[in-house]
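K.L.:
One structure, pasted below without further comment.
Read the figures in this text as sums done on the coordinates, not as results from a lab. Everything quoted here is computed from the prediction, not taken from an experiment. With ideal geometry, Cβ positions are generated from the backbone for all residues, glycine too; neighbour counts draw on all protein chains shown.
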Amino acid sequence: MSAIRFRVLPRPHEQAQRDIRQRQWNKALFVTLFLLPGMALLFLFVLMPIAQSVYYSLFNWNGFGPPTKFIAFDNYERLLNDKIFQGALWHSFILMALSLVVQLPMALGLALLVGRGSLRGKKFFRTMLFVPYVFSEVITAIIWRYVLSPNDGALLNAVLGAIIPNFQPIGWLADRNIVMFVLFAVLTWKYFGFYMILYMAGLQAIPADLEDAARVDGSTEAQVLRFITLPMLGSTIRLTVMLSVLGSFQQFVLAWVLTNEGGPVNSSQLMATYLYKFGITNLKLGYGSAVAVVFFSITFIFSLGYQRMVMSRDFGPRRS
Amino acid sequence: MFKSSRLVMIVALVALLSLSIGAAVAQDKVEIDWWHIATQEDQAAYWQSLADAYMEANPNVAVNITILENAAFKQRLTTVMQAGDPPDLFQSWGGAVLWEYAANGLVRNIAPELEGDWRDSFAAQAALNLFGQEDETYGVPVSWGAVGMFYNKALFEQAGVEIPTTWAEFLTAVQTFKDAGITPIALGEGEKWPGHFWWVYLATQLGGEEAFLKAYSREGAFTDEPFVQAGEYLKELVDMEPFQEGFLGTTHPESEGVFGNGEAAMMLMGQWAPAAQAQYSEDGEGIGDDLGWFPFPAVEGGKGNPDDVFGGGDGFAVGANAPDEAVDFLKFLTNEESQRGSAFFLVPVVKNTADVFADDPVMQSILAARDAAPYFQMYYDQFLPPAVGSAVNDAVETIFAGVATPEEAAQAIEDSAAAELAQ
């Protein structure tokens with residue numbers, strides 16, 4: 001009888017290590033292959049153009065042929081000393097501030113009114129208030145050019161003339177002191193519907209029980225709003241603030257068409273219209289790139305900081 | 001059932017076959033890519049008919065037309081120029097923009113082909129000169145007009161105003177209209193270029209060819225006396241508030257509407273105004289027979305010749321890689337017959353064509369002024385590099401808005417010119 005011999009397979013330490021490494025390698029390959037297309041697109045269409053803009057911004061370049069006239073930071077120096085650029089920056093900040101102070105609270109108020117209140121015909125109002133957002137920006141601008149025109153019979157001046165005795169028609173888009181506010185009014189008309197819808201969606205997500213419970217405990221409506229509704233709407237508000245700030249900075253089409261390239265005399269020039277007018281249409285692509293780099297830095301720093309510091313609590317698992 | 005599907009298949013096969021034959025034939029042809037900006041149907045149809053006629057006479061040539069709207073054309077042309085791949089024939093306004101293409105080797109010198117009969121056939125020689133530099137030529141004009149004062153005869157009669165021939169008379173006329181409660185001048189300053197007409201005309205009257213070419217060649221400057229003076233004369237006019245309400249925000253079509261509705265007495269505009277004032281008026285008719293034209297009033301004591309004319313027109317430039325056939329086709333486009341046929345939307349530039357406007361006194365006076373001009377001042381914003389052109393428009397706008405002095409406006413133009421024209 002021969003002894004049964006078991007053959008114990010040697011499984012030395014190295015072999016195990018190799019297996020683990022093999023598995024890790026496979027996983028890495030797997031991940032890389034899946035990421036590759038996305039990374040390639042990101043590199044090609046986002047990172048490369050940014051790097052190119054930075055490179056071009058160091059040249060005096062009209063866009064024909066490769067850039068050859070290297071001028072280091074002259075474009076930036078010119079830019080920062082340019083009164084029109086400073087004005088454009090300031091106008092963009094005004095738009096941003098007005099959006100935050102006027103546009104968003106107005107959208108929130110209307111969302112509370114037509115989103116949940118007991119207003120009659122709120123469905124009708126909801127639709128009507130959202131309609132402007134559906135129009136394209138160019139169409140909006142052209143319609144408003146007719147409304148604001150100083151010529152005989154244009155809507156706004158005609159209406160004001162009917163209400164106010166001895167009313168002199170106003171060139172709404174021709175007055176350097178008011179054109180920015182007119183632009184803001186049109187932008188608000190166009191965009192508050194969008195924020196209103198976002199707020200209404202946020203309101204839907206708040207359980208009615210919570211507010212009812214507070215009411216049962218004797219809270220006034222103002223207290224319910226202040227201590228329940230607004231805090232529960234926090235993530236939506238934080239999101240709309242970010243969209244609004246970036247939107248005002250990037251505003252181009254409506255402003256360009258409505259005010260004729262930021263006129264009169266650059267009094268409604270914004271960051272994006274400045275970039276287009278002085279960079280692209282003037283065929284100064286090096287200078288335009290410098291504007292783009294400054295423009296990009298501002299929005300990038302803002303959105304990164306805002307997401308890190310303010311919106312971080314809206315991402316991922318709650319840490320509290 | 002079976003039969004019909006077989007029939008379909010046969011038809012499809014035949015179609016496929018004929019397509020591939022067509023493609024094979026096309027490959028042997030010389031192709032000419034032609035970009036023009038005549039988007040209106042009858043105008044586009046006219047260019048197409050010329051291309052068809054040429055292709056019939058020259059079966060070895062295929063003309064491929066691309067029609068683009070003005071702004072879209074400029075954008076796309078910029079893109080293909082940056083890629084170094086210009087079309088064979090394309091819309092051009094001549095001047096420094098074209099010269100810049102030439103400096104970058106993007107257009108073809110057609111001077112050898114042009115020499116002789118073809119060159120001599122042009123009535124508007126001053127216009128032809130703008131399509132080349134020194135001994136080289138890169139294209140030819142097909143239409144050339146002039147900027148001048150369009151006026152409403154009925155309003156002139158109503159206010160009892162005679163046609164002003166000098167700047168002083170002109171200012172008096174403006175005041176008379178104001179006193180009569182009539183808006184003297186329609187202006188679309190929202191687009192800036194209509195306002196630059198005023199300043200440039202004054203500068204041309206005050207300094208003439210010499211001052212402009214000196215400033216352009218950098219022997220002089222845009223801060224020289226005529227340019228500052230032009231701003232001062234203009235400011236004097238602006239201070240009288242002669243324009244319609246809100247003119248700083250008015251677009252060009254809107255201002256044509258103001259004039260076409262008979263709401264303003266005058267408008268300084270180019271040869272397209274008769275059509276435009278009708279098109280943009282409320283009834284679509286414009287002011288009809290009340291429309292008249294007179295040259296820009298002469299500025300007393302100016303160094304320019306009072307007959308100098310300001311304006312511009314359209315032409316076609318030849319791309320660097322264009323085949324010889326493209327040049328021949330361009331010659332065909334500018335022969336007397338083609339030019340006559342185009343008179344319904346262009347102002348012919350070759351000899352023996354003036355009679356096409358026999359029953360249009362306004363166009364006749366424009367042509368007379370154009371052909372008699374000793375010097376033709378082209379639009380600054382077309383002639384100068386884009387950045388300087390837009391600096392001129394922006395600076396002149398500051399005078400209209402009353403936010404800068406004539407000196408400051410001239411300085412702003414000079415700053416841009418110094419940076420862009422330095423080489």
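K.L.:
Once you average over the residues of B:246-257, how many Cβ atoms of partner chains fall within 10 Å of each Cβ?
P.N.:
Numbers: counts 14, 4, 12, 18, 8, 5, 1, 0, 5, 1, 0, 2.
The mean count of partner-chain Cβ atoms within 10 Å per residue comes to 6.
K.L.:
Please compute the contact order of chain B in relative form: average sequence separation of alpha-carbon pairs under 8 Å and at least six residues apart, divided by the residue count, as a percent. Provide the component values of the computation, followed by the final result.
P.N.:
Working: 719 pairs, mean separation 102.5, N = 423.
Relative contact order for chain B comes out at 24 percent.
K.L.:
Which residues among region B:347-379 fall inside the zone where the amide N is under 17 Å from a point 7 Å beyond the Cα of B:Asp289, along Cα→Cβ?
P.N.:
Of the residues in region B:347-379, B:359-363 have backbone N under 17 Å from the label point off B:Asp289.
K.L.:
Counting only C-alpha contacts under 8 Å and six or more residues apart, can you give the relative contact order of region A:1-90 as a whole percent? Don't jump to the answer; show the numbers that get you there.
P.N.:
Numbers: 27 pairs, mean separation 11.3, N = 90.
Value for region A:1-90: 13 percent.
K.L.:
Counting partner chain Cβ atoms within 10 Å of every residue's Cβ in B:392-398, what's the average?
P.N.:
Averaged over the peptide's residues, the number is 2.
K.L.:
Could you tell me the convex hull volume per residue, in Å³, taken over the Cα atoms of chain B?
P.N.:
Working: hull volume 74.0 nm³, N = 423.
Per residue, the Cα convex hull of chain B comes to 175 Å³.
K.L.:
Here's something else I'd like to know. Which semi-axis lengths, in whole Å and largest first, follow from the square roots of five times the eigenvalues of the Cα gyration tensor of region A:46-112?
P.N.:
On the way: eigenvalues 291, 55, 13 Å².
Its equivalent ellipsoid spans semi-axes of 38, 17, 8 Å.
K.L.:
May I pose another question? Enter the angle in degrees (range 0 to 90, nearest 10) between the Cα long axis of helix B:70-82 and the first principal axis of the Cα atoms of chain B, meaning the one along which they spread out most.
P.N.:
That helix lies at roughly 70 degrees to the long axis.
K.L.:
Which percent of Cα pairs goes in each bin when the distances of region A:130-226 are cut into 5 angstrom slices starting at zero?
P.N.:
Pairs per bin, as whole percents: 3, 11, 14, 14, 12, 10, 8, 8, 9, 8, 4, 1.
K.L.:
May I ask you to derive the FRET efficiency for A:Tyr55 and B:Asn109 from their Cβ-Cβ distance with R0 = 35 Å, giving the value to the nearest 0.05? Numbers along the way, then the final one.
P.N.:
Values: r = 34 Å, r/R0 = 0.96.
The pair A:Tyr55/B:Asn109 has a calculated efficiency of 0.55.
K.L.:
Continuing with the same structure: Lys and Arg at +1, Asp and Glu at -1: add these up for the other residues within a Cβ distance under 14 Å of B:Gln40 and post the number.
P.N.:
Details: positive: none; negative: B:Glu41, B:Asp42, B:Glu69, B:Asp314.
Around B:Gln40, the surrounding residues sum to -4.
K.L.:
Using only C-alpha positions, report the orientation-averaged shadow area of the convex hull of the protein assembly as shown, nm², one decimal. Show your work: numbers first, answer last.
P.N.:
Numbers: hull surface 231.0 nm².
The orientation-averaged projected area of the Cα hull of the protein assembly as shown comes to 57.7 nm².
K.L.:
Identify the GluC sites (Glu not before Pro) of region B:187-255 meeting these criteria: DSSP loop state and at most 15 other C-beta atoms within 10 Å of the C-beta. Each step should come with its number before you reach the end.
P.N.:
Working: sites: B:Glu189, B:Glu191, B:Glu209, B:Glu210, B:Glu219, B:Glu232, B:Glu236, B:Glu245, B:Glu254; in loops: B:Glu219, B:Glu245.
Counting only loop positions with at most 15 other Cβ atoms within 10 Å, the GluC sites (Glu not before Pro) in region B:187-255 are B:Glu219.
K.L.:
Which percent of Cα pairs goes in each bin when the distances of chain A are cut into 20 angstrom slices starting at zero?
P.N.:
In whole percents, the pair-distance histogram is 22, 43, 24, 7, 3, 1, 0.
K.L.:
Counting Lys +1, Arg +1, Asp -1, Glu -1, what net charge surrounds A:Thr281 among other residues with beta carbon under 13 Å of its beta carbon?
P.N.:
0
K.L.:
Taking Rh as the Kirkwood radius computed over C-alpha pairs, what is the Stokes-Einstein D of region B:96-169 at 20 °C in a medium of viscosity 1.002 mPa s, expressed in µm² per second? It would help to have the intermediate numbers written out before the result.
P.N.:
Details: Rh = 15.6 Å.
Rounded, D is 137 µm²/s.
K.L.:
So what does log10 I(q)/I(0) come out to for region A:26-74 at q = 0.13 Å⁻¹, using the Debye formula with one equal point on every Cα and no solvent?
P.N.:
-0.49
K.L.:
Roughly how tilted is helix A:122-134, in degrees to the nearest 10 and between 0 and 90, from the longest Cα axis of chain A?
P.N.:
80
K.L.:
Shifting gears a bit: Please express the shape of region B:354-420 as an equivalent ellipsoid: the semi-axes are the square roots of 5 times the eigenvalues of the C-alpha gyration tensor, given largest first in whole angstrom.
P.N.:
On the way: eigenvalues 232, 43, 19 Å².
Three semi-axes, in Å: 34, 15, 10.
K.L.:
Let me ask something else about it. Taking all pairs of different Cα atoms in region B:138-284, averaging 1/r and flipping that mean, what Kirkwood radius in angstroms comes out? Walk me through the numbers before you get to the answer.
P.N.:
Working: mean 1/r = 0.0612 Å⁻¹.
Over region B:138-284, the inverse of the mean reciprocal pair distance is 16.3 Å.
K.L.:
Starting from the amide H of B:Phe316, placed 1.01 Å from N in the peptide plane, find each other amide H under 5 Å away whose residue is 5 or more places distant or on another chain.
P.N.:
B:Ser92, B:Val140, B:Val142
K.L.:
Helix-derived [θ] at 222 nm for chain B: sum -39500 (n - 2.57) over DSSP H runs of at least 4, divide by residue count, nearest 500? Each step should come with its number before you reach the end.
P.N.:
On the way: 19 runs with 216 residues, N = 423.
When only DSSP H runs of four or more count, the value is -15500 deg cm²/dmol.
K.L.:
If you don't mind, there's one more thing I want to ask. GNM on chain B, C-alpha springs below 10 Å: top fluctuator among B:Tyr216, B:Tyr138, B:Tyr151?
P.N.:
B:Tyr216
K.L.:
Go through region A:161-167 residue by residue and turn each phi into a ³J(HN,Hα) via Karplus (6.51, -1.76, 1.60, θ = phi - 60°); whole Hz please, and just put x for glycine and proline.
P.N.:
x, 6, 8, 9, x, 6, 7
K.L.:
Counting alpha carbon pairs within less than 8 Å and at least 6 residues apart, what relative contact order, in whole percent, applies to region A:189-296?
P.N.:
Working: 62 pairs, mean separation 17.3, N = 108.
Rounded, it is 16 percent for region A:189-296.
K.L.:
For region B:211-285, what is one quarter of the convex hull surface built on the Cα atoms, given in nm²? Don't skip to the answer; put the middle values down first.
P.N.:
Details: hull surface 26.0 nm².
If you wrap the Cα atoms of region B:211-285 in a convex hull and average its projections, you get 6.5 nm².
K.L.:
What is the calculated FRET efficiency for B:Ala71 to A:Asn26, with r their C-beta to C-beta distance and R₀ = 56 Å, to the nearest 0.05?
P.N.:
On the way: r = 55 Å, r/R0 = 0.98.
It comes to 0.55.
K.L.:
So, R0 is 25 Å and r is the distance between the beta-carbons of A:Ser136 and B:Trp272; what FRET efficiency does that work out to, to 0.05? Show your work: numbers first, answer last.
P.N.:
Details: r = 29 Å, r/R0 = 1.14.
Here the calculated transfer efficiency is 0.30.
K.L.:
Considering region B:284-423, what Rg and Dmax in Å follow from its alpha-carbon atoms?
P.N.:
That works out to 19.5, 53 Å for Rg and Dmax.
K.L.:
Report the net charge of residues surrounding B:Thr334, where surrounding means a beta-carbon distance below 14 angstrom and charges are Lys +1, Arg +1, Asp -1, Glu -1. Before the final figure, lay out each step's value.
P.N.:
Values: positive: B:Arg119, B:Lys331, B:Arg340, B:Lys351; negative: B:Glu113, B:Asp117, B:Asp120, B:Asp314, B:Asp328, B:Glu336, B:Glu337.
Charge balance near B:Thr334 sits at -3.
K.L.:
Neighbour counts of other C-beta atoms within 10 Å: give me B:Thr250, A:Thr32, A:Thr229 arranged from fewest to most. Write down the numbers at each step before the final one.
P.N.:
On the way: B:Thr250 30, A:Thr32 10, A:Thr229 19.
Result, fewest neighbours first: A:Thr32, A:Thr229, B:Thr250.
K.L.:
Another question about this same structure. Using the 2.2 N^0.38 Å rule of thumb for compact globular proteins, work out how region B:250-344 stacks up: its C-alpha Rg over that value, please.
P.N.:
Scaled against compact globular proteins, the figure is 1.51.
K.L.:
Please rank A:His91, B:His252, A:His13, fewest neighbouring Cβ atoms within 10 Å first, as an exposure proxy. Before the final figure, lay out the partial values.
P.N.:
Details: A:His91 26, B:His252 21, A:His13 7.
Fewest-to-most Cβ neighbours within 10 Å comes out as A:His13, B:His252, A:His91.
K.L.:
Would you order A:Trp144, A:Trp90 from fewest to most other beta-carbon atoms within 10 Å of each residue's own beta-carbon?
P.N.:
Details: A:Trp144 23, A:Trp90 13.
In order of increasing Cβ crowding within 10 Å: A:Trp90, A:Trp144.
K.L.:
Stretched out fully, how many nm does the piece from B:Ala57 to B:Ala418 gain, at 0.36 nm a residue minus the Cα gap?
P.N.:
On the way: separation 361, 0.36 × 361 = 129.96 nm, distance 5.06 nm.
This chain segment gains 124.9 nm when fully extended.
K.L.:
Ok, one more. How big, in percent, is the set of alpha carbon pairs in region A:181-245 lying more than 21 Å apart? Before the final figure, lay out each step's value.
P.N.:
Details: 784 of 2080 pairs.
Counting pairs separated by more than 21 Å, the tail of P(r) holds 38 percent.
K.L.:
Quick one: which residues, 5+ away or cross-chain, put their amide H under 5 Å from the amide H of B:Trp293? H built at 1.01 Å from N.
P.N.:
B:Tyr151
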